[in-house]
Every structure is written in C-alpha cells, then in structure tokens.
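Okay, so here's the structure we're looking at.
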There are 2 protein chains.
Amino acid sequence: MVTIYDIAKKANVSAMTVSRVINNSDKISKQTREKVEAIIKELNYIPNSSARSLISKKTNILSLMITDIANPFFTSVARGAEDKALQMGYQLLLCNSDENIEKESKYIDMLISTGTDGVLIAPASDLSKKNIHKLTKYKIPFVLIDRYISDLKCDQVLSDNETTTRKLIEHLIELGHKRIAIINGPLDIATSRERHQAFCDTLTLHGLEVNKNWIHQSELFRDSDVTDIVSNLLELPAEKRPTAIFATNNFLGLNTVKALKKHKINIPEDIAVVCYDGVPNYTENEPFLTAAEQPSYNFGYLGAQMLIERIENTCPEVPRKIVLPAELYIRESSNYTIKDLKR
Amino acid sequence: MVTIYDIAKKANVSAMTVSRVINNSDKISKQTREKVEAIIKELNYIPNSSARSLISKKTNILSLMITDIANPFFTSVARGAEDKALQMGYQLLLCNSDENIEKESKYIDMLISTGTDGVLIAPASDLSKKNIHKLTKYKIPFVLIDRYISDLKCDQVLSDNETTTRKLIEHLIELGHKRIAIINGPLDIATSRERHQAFCDTLTLHGLEVNKNWIHQSELFRDSDVTDIVSNLLELPAEKRPTAIFATNNFLGLNTVKALKKHKINIPEDIAVVCYDGVPNYTENEPFLTAAEQPSYNFGYLGAQMLIERIENTCPEVPRKIVLPAELYIRESSNYTIKDLKR
DNA sequence: CAACATAGTGTTATCGTTAACATTCTAACT
DNA sequence: AGTTAGAATGTTAACGATAACACTATGTTG
C-alpha cells in the first residue's frame with residue numbers, strides 16, 4: 001500500500017506537505033504542489049479512509065435502513081438516496097430490517113461501530129424508537145423516511161397520508177360506494193395509523209358507516225394474511241359486504257387483487273380496489289390498479305440531501321419536515337360507478 | 001466516544017486486557033473477563049471500526065457494483081448479497097454504475113479508499129477490465145456476477161446463456177416459427193455476445209435462416225431505442241417480417257411488448273415474444289410474457305458466499321465458476337402455434 | 001529447592017493521517 | 001540594518017485498537 005510517506009520520500013518533502021496537497025490546503029507553493037501531485041499520480045496513491053476517519057470522525061458513509069429493498073417503493077428510495085450520496089461524495093450502505101426490531105437493532109450497532117456519518121431510516125415500527133435513541137446517543141444524525149415516530153425531533157420526509165387517503169376514499173365515494181373496507185398494515189407503524197385515521201374521518205365526514213367488520217390489519221406490510229382477510233370480507237352477508245376495498249400499500253393491494261381473483265370476484269364490478277403506493281409498470285398490459293403513487297425516488301433523494309446538510313451543518317438547527325404529495329391514478333380496478341353495477 | 005481506555009481505567013486493568021476481552025482471547029481469567037464485560041455493557045462501549053481497520057486492514061464491508069438497483073434482476077441480487085453478508089458479519093455498500101465505465105471507475109477508487117474487503121461486480125462492459133485491474137492491484141478480492149470478462153481469472157456466478165437461449169428459441173421453433181428476430185443489448189457485454197451466439201447457433205442447427213435484418217442491438221440494456229428497432233422490424237415486407245422476437249433481457253422484453261402494442265400488433269397471434277429474465281409478478285393479471293427466469297437472489301447470495309470465502313481464505317486458490325440455470329415459463333406471449341395463425 | 005513452564009497481565013510501538021505548534025525563509029517596512 | 005509579517009514547510013503527538021514482546025506470579029518437575 002502506498003502511503004503519504006512514500007510520496008513524501010520520493011518528493012523530498014515531509015508527509016505533512018503531502019497531506020496538505022491532498023487536502024487542497026492553500027499554503028503550498030505551486031511548484032511543490034505540482035511535484036507532489038505528479039508523484040501521487042505516478043504511484044497511484046489512494047488515501048486510506050480508515051486512518052482519515054480515525055482522526056476526523058468522518059467516514060463519508062451514509063446508511064439506508066429500510067424494511068426490504070425488494071419492495072419497489074424502497075428500491076426507488078434507494079436509487080434516489082444513492083444518487084444524492086454519490087453526488088455529494090458519500091457512499092451508501094444498505095440495510096434491510098425486514099420490519100424486525102431485533103434485526104434493526106443489530107444493524108444499528110454495526111453502523112455505530114463502522115462509524116456511519118448518518119442514517120436514512122424507515123423504522124420497522126414504533127418500537128424502533130429505542131434503536132433510534134442509540135443513534136442520538138452516539139450523535140449520529142438521522143432522517144426519518146416514510147414512517148414517523150412520535151415525539152422524535154428530527155428531520156423527516158413523509159407522505160401526505162391524510163390528504164392522499166382522503167382523495168382515494170372520496171374517489172370511491174363519488175363512484176357511489178357506501179360500504180368501504182380497509183386492509184391495512186400493523187397499527188404500530190405510524191403510516192398505518194394515519195391512513196386508518198384518515199380513512200375513518202373521511203367516511204364519517206361523508207356520513208358513511210364505519211363498520212369494524214370492514215377494518216382489517218395485516219400482520220406485516222406484506223402478503224402475510226391478506227388471503228384470510230379477504231375471505232373474511234367475502235363471508236359477510238351480501239348487504240353487509242363492502243363494495244370497495246382500500247389497500248394501504250402496494251403489496252397489500254396486489255395481494256388483495258390476487259385473493260379476490262381466486263374467489264372469482266370481478267374487479268371492479270363486484271368489488272372495486274384502490275391502493276396506496278404504485279407498483280412499477282412492469283406489466284405489459286395497461287396498468288390496472290387505481291393507485292396513489294408516491295414520488296419514492298424523492299424520498300431517498302431529498303432524505304439524503306437533508307441528512308448530508310445535517311451532517312455538514314449547512315442547515316438551520318430546527319428539525320425540518322418534508323411532506324410529499326402522492327398522485328392519484330384512476331384505473332380499471334375502480335373505474336365503474338356504482339349505478340353500473342349489476343347487483 | 002467510549003474507548004477501551006475508558007473501560008480499562010474503570011476496570012483497573014490495561015487497555016490490552018480490554019482488547020483481549022473484546023476479541024475473546026482465551027488467556028483471560030474468568031474474573032477479569034466478567035468485570036470488564038460488565039463495564040463494557042455499562043458504558044455501552046462499541047469498538048471503533050476505523051481504528052481496527054487501520055491495523056487489521058479489514059473493514060467488514062463488501063461492495064456490490066451493479067448497473068442499476070432499479071432493475072428487478074439486480075434488486076433481487078442485492079437482497080441475496082445482503083442476506084449472506086449480514087449472516088457472515090459483513091455490511092454491504094451499494095454502487096450503481098449505470099453501465100457507465102467512468103462512473104464505475106470513480107466508484108472503484110472510492111471503494112479502494114474506503115478499504116472494502118471485497119467487491120461483487122456486474123461489470124458495465126468489457127471495458128471494465130481496466131477498472132477491475134485496479135482491484136487486483138490493491139489485492140481486493142472480487143467476484144464477477146452475471147457478466148464475465150474474458151481472460152480474467154476469478155470467481156464467477158454466471159447464467160447459463162447458451163442452454164437458456166437455446167431453450168427459448170427451440171420453444172419458438174417447436175411452435176412453427178421460422179423467422180425469428182433478436183433484440184439484444186450492446187455486444188461489448190459478454191452476456192449479450194453469448195446470447196447472440198447461442199441464438200445464431202440454434203437457428204443454424206435447425207436449418208433456419210439467420211437474417212441480419214432480424215438481428216438488433218440496443219445501445220443499452222434498457223429502453224433506449226427499442227421502439228426504433230421494433231419499427232424497423234415492422235417495416236420489413238410481410239414475407240420477410242419475423243413472426244417471433246427474442247428479447248435478451250427484462251427491460252428489452254417489456255419495451256418490445258410496449259412497442260408492438262403501440263403498433264397494434266397482436267401478441268402472440270401476429271408476433272410472438274419471448275424474453276430472457278423474468279419480471280416480478282407485480283401484475284395483478286396473469287403473467288403474460290414467456291420468460292426464462294433466472295435465480296437472481298442466488299446470484300447475490302452465492303456470489304457473496306464465494307467472495308467471503310475468498311476474503312477469509314477458506315477456499316481453494318483456483319478460481320471457481322458457478323453457472324446457474326434459468327427456468328422456462330411459457331406464457332401467453334408465445335402460446336400460439338404457427339398453424340393457428342390467421343395469416 | 002533450583003529451574004522452568006505457563007497463565008494472566010502490562011508496555012511499547014505501530015497502523016496512516018492530520019491538528020497544532022514550531023521553524024525557516026523571504027520580503028517589506030521603519 | 002534591524003524588525004517584523006507572513007508564506008512555506010517541518011516536527012510531534014494524537015486518533016483507537018492491537019501485535020509483539022515483557023513481565024509477574026503461580027505451580028510443576030527432576
């Protein structure tokens with residue numbers, strides 16, 4: 001390994017002078033600088049980050065803690081974060097928590113040990129607060145993305161859950177739906193709670209029934225038990241059966257559709273489906289699912305930007321909060337007014 | 001920050017003793033060990049990786065260099081790599097090269113500086129050889145995934161391009177197709193070349209025409225110019241127009257379908273489409289595209305495993321090569337024998 | 001009982017870089 | 001000429017952990 005001493009020796013200067021050249025310090029004669037730079041190039045010198053970090057306490061590594069990179073929402077978040085990170089001279093460490101508090105905790109310990117400069121985190125659940133506190137203790141800046149945690153003063157990039165949910169539900173109401181069900185994630189995730197609340201509020205506002213038989217939470221924000229929930233809904237007597245389902249994230253939406261199809265339920269004629277989150281248009285057919293699509297790339301991009309500003313102290317001290325709007329795409333899965341229904 | 005000296009002081013031992021406790025050295029009395037461990041816990045001590053790396057030259061960081069995490073193939077590779085990495089006590093750094101040699105080169109320099117323990121790399125193109133040589137120079141182990149580079153002696157996890165391509169093409173031939181086109185990625189990527197070669201070989205083997213009007217390369221393994229290529233194919237006189245198209249990766253396949261639909265071409269009645277790579281079944285409708293699906297998760301998982309074995313020197317010195325088979329899923333986009341065709 | 005093995009612990013130097021202070025040298029001013 | 005400012009460079013110590021060696025008690029052996 002080539003070190004500054006090798007450079008220094010060959011250039012007949014001290015190591016410190018080499019260090020100054022590397023760090024673009026100004027107090028260097030043009031002559032010396034050029035001599036040193038030539039030798040750096042010649043020997044293919046690359047500075048050792050460990051040694052630098054040891055002194056500077058900076059690693060130029062950001063960490064992205066998400067629940068699962070395979071969720072297309074987070075894939076896109078990761079891409080955004082990575083783009084901003086690279087642009088600002090940082091590298092990005094990837095951590096999948098799988099919505100598991102212990103895994104998250106173990107990861108946080110590793111991150112502290114590695115000495116990450118900051119963490120972009122979509123917490124596994126409310127219980128993540130304990131894990132996040134460890135970051136605070138070690139003075140590692142972090143930015144919450146997608147899921148907020150109450151009583152935590154920090155930078156955040158969140159979705160406008162209230163407005164977006166209301167738009168989705170009002171879209172259904174306009175179509176004439178009166179019995180609307182929700183298939184939600186676990187209520188110890190802020191996102192779920194907010195979407196739940198907005199769902200109930202919107203129904204109430206429009207004088208519609210909020211029936212607890214139509215309110216369901218899946219164990220995870222994944223495919224876990226959607227099939228059962230859908231079966232449950234379908235077992236309700238005809239006049240008590242929902243005519244529309246609101247799924248609160250992409251996986252839940254897709255699995256709801258799958259479950260309904262398995263039961264030979266026609267969408268949207270028998271039951272309409274709307275969904276929070278989009279899914280990438282990998283489908284060759286026209287997109288089908290009515291969805292509120294989030295600017296996921298920007299969750300990562302802006303999150304990373306805020307994080308870096310926090311790390312480099314180029315922003316006001318007060319926590320900042322960015323709320324990103326989602327865009328409603330009305331598609332086939334809901335495109336049927338209730339009066340068209342055959343029932 | 002809590003250091004071993006803080007622990008040592010409080011425990012009335014030397015720093016070295018603390019270090020021994022941390023590293024599970026055996027020559028420590030049970031009594032001392034317990035005392036030190038208690039204080040470590042009490043003070044919430046977490047070892048400083050930079051300091052450790054400086055001595056040990058190990059960072060416990062693996063790097064994953066792929067072209068784009070947003071490509072579902074690589075998303076899944078990343079997930080596999082991360083799982084194995086965590087399991088073995090490593091963290092994973094994410095790098096998107098965007099098939100860009102300069103970006104890749106810049107990244108490699110950063111990785112060398114950070115001192116990554118090893119790199120899992122899907123090279124941007126044949127020109128990546130220069131970048132990879134830098135890794136060799138710094139004695140950083142690496143494993144090639146998905147795309148090989150000629151004359152490079154190293155561990156590899158590759159797809160069985162020859163067999164898989166042949167299976168796809170023979171599937172078309174069995175259906176009665178005689179005029180088959182290929183929409184491929186750039187030929188400076190090994191994967192493209194192999195699929196190209198296998199495509200030609202299979203046609204020849206079956207006595208079918210290999211017409212250069214039916215052979216096309218897109219500028220990138222992406223959506224870049226597929227629309228033009230498809231238009232080109234469609235402009236051929238009826239008797240010279242291909243009845244089937246082989247797209248050599250997921251993005252090319254999807255864009256081929258899109259382009260055909262825009263021209264109101266029926267798939268598979270007018271033109272059948274088959275595709276190398278699967279796409280995640282995010283679609284609520286039945287999957288449509290006939291595809292050879294690769295075990296992408298295992299590209300990452302096995303790749304990381306080989307890499308770690310190489311790093312920890314727990315494997316034979318000779319380069320190892322894993323060739324993973326793809327599985328053929330016959331679906332609607334090709335499910336039409338030629339004699340059914342109306343033409 | 002001397003000689004020596006060994007378990008347990010401490011000391012010192014080192015990894016590669018940089019902060020802080022020290023030194024040298026030139027040029028400018030009184 | 002003597003003083004001084006400041007530009008350019010060097011020296012030393014430190015960051016936190018650990019390798020290599022040194023030391024101190026024990027106990028063990030012939």
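Could you compute the FRET efficiency for residue A:187 and residue B:188, with r as their C-beta to C-beta distance and R0 at 60 Å, rounded to 0.05? Before the final figure, lay out the partial values.
On the way: r = 52 Å, r/R0 = 0.87.
Step by step, r from the Cβ atoms, then E = 0.70.
Where in segment B:231-270 are there GluC sites (Glu not before Pro) that are in a DSSP coil and have at most 14 other Cβ atoms within 10 angstrom of their Cβ?
Filter output for segment B:231-270: B:235, B:269.
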Classified through the alpha carbon gyration tensor (a ≥ b ≥ c as square roots of its eigenvalues; rounded if a/c is under 1.5, else prolate when a/b is larger than b/c, else oblate), the protein assembly as shown comes out oblate
Contact order relative to length for chain A, counting C-alpha pairs under 8 Å separated by 6 or more residues, stands in percent at 18
Compactness check, chain B: C-alpha Rg relative to the 2.2 N^0.38 Å globular estimate gives 1.28
Under 5 Å between amide hydrogens, which residues at least 5 positions from residue B:148 or on another chain qualify, with H placed 1.01 Å from N in the peptide plane? B:190, B:191
Residue-wise, which Karplus ³J(HN,Hα) couplings in Hz belong to segment B:203-212, taking 6.51 cos²θ - 1.76 cosθ + 1.60, θ = phi - 60°, and x for glycine or proline? 4, 4, 3, 9, x, 9, 6, 10, 9, 5
Round to the nearest 10 and give me the degree value, 0 to 90, for the angle of helix A:128-137's Cα axis relative to the longest principal axis of chain A. 20
Does segment B:4-47 come out rounded, prolate or oblate by the C-alpha gyration tensor, with a ≥ b ≥ c the root eigenvalues, rounded set by a/c under 1.5 and, if not, prolate when a/b is larger than b/c and oblate if not? rounded
Sort shortest first the distances from residue B:133 to its counterpart in every other copy, using label points 7 Å along the Cα-to-beta-carbon line, and give them in nm. 5.5
Taking beta carbons within 10 Å but only from partner chains, what does the mean come to for residues A:82-90? 2
Peptide A:40-51: average number of partner chain Cβ atoms within 10 Å per residue? 5
Residue B:324 long-range amide H proximity, modeled H, under 5 Å: B:158, B:159, B:160
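With a cut-off of at most 11 other beta carbons within 10 Å, and DSSP calling the residue loop, which trypsin sites (Lys or Arg not before Pro) in segment A:1-83 qualify? Please list them. Kindly include the intermediate steps, with their values, before the conclusion.
Working: sites: A:9, A:10, A:20, A:27, A:30, A:33, A:35, A:41, A:52, A:57, A:58, A:79; in loops: A:27, A:57, A:58.
Here the trypsin sites (Lys or Arg not before Pro) that fit, given the DSSP loop and packing criteria, are A:27.
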If amide hydrogens are placed 1.01 Å from N in the peptide plane, which non-local residues have theirs closer than 5 Å to the one on residue A:119? A:63, A:142, A:143
Whole-Hz Karplus couplings 3J(HN,Hα) for segment B:319-335, θ = phi - 60° and coefficients 6.51, -1.76, 1.60, Gly and Pro as x, run x, 10, 9, 10, 10, 9, x, 10, 10, 8, 10, 8, 9, 4, 5, 9, 7
Applying the Karplus parametrisation 6.51 cos²θ - 1.76 cosθ + 1.60 with θ = phi - 60° to the phi angles of segment A:165-174, what ³J(HN,Hα) value in whole Hz is obtained for each residue in order, glycine and proline being reported as x? 4, 4, 4, 4, 5, 5, 4, 5, 4, 4
Using a 7 Å offset from the Cα along the Cα-to-Cβ direction at both residue A:25 and residue A:327, what is the distance between the two label points in nm, to one decimal? 5.1
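What is the magnitude of the charge dipole of the protein assembly as shown about its Cα centre, with +1 placed on the Cβ of each Lys and Arg, -1 on the Cβ of each Asp and Glu, and no other charges, expressed in debye to the nearest 20? Please list the in-between numbers first.
On the way: 86 positive and 88 negative charges, 438 e Å.
It comes to approximately 2100 debye.
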For the pair residue A:3 and residue B:56, the simple spin-label estimate (label points 7 Å beyond Cα toward Cβ) gives in nm 2.0
What length, rounded to one decimal in nm, is gained on full extension from residue B:320 through to residue B:16, with 0.36 nm per residue of separation minus their alpha-carbon distance? 105.4 nm
Candidates A:306, A:110, A:16; GNM for chain A (alpha-carbon contacts under 10 Å) flags as most fluctuating A:16
Please label the shape of segment A:186-319 as rounded, prolate or oblate, based on the square roots a ≥ b ≥ c of the eigenvalues of the alpha-carbon gyration tensor (a/c under 1.5 means rounded; beyond that, a/b larger than b/c means prolate, else oblate). prolate
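How high is the relative contact order of segment A:4-47, given as a whole-number percent (alpha carbon pairs under 8 Å, six or more residues apart)?
Values: 30 pairs, mean separation 17.2, N = 44.
For segment A:4-47, the relative contact order is 39 percent.
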Which one of B:17, B:164, B:243 has the biggest mean-square fluctuation once chain B is modelled by GNM with Cα springs under 10 Å? B:17
At 7 Å out from Cα toward Cβ: residue B:30 inter-copy label distances (nm, ascending): 7.4
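Read the figures in this text as sums done on the coordinates, not as results from a lab. Owing to the predicted nature of the structure, the values given are computational and were not obtained by experimental measurement. Every residue, glycine among them, receives a Cβ derived from its backbone with ideal geometry; neighbour counts consider all protein chains shown.
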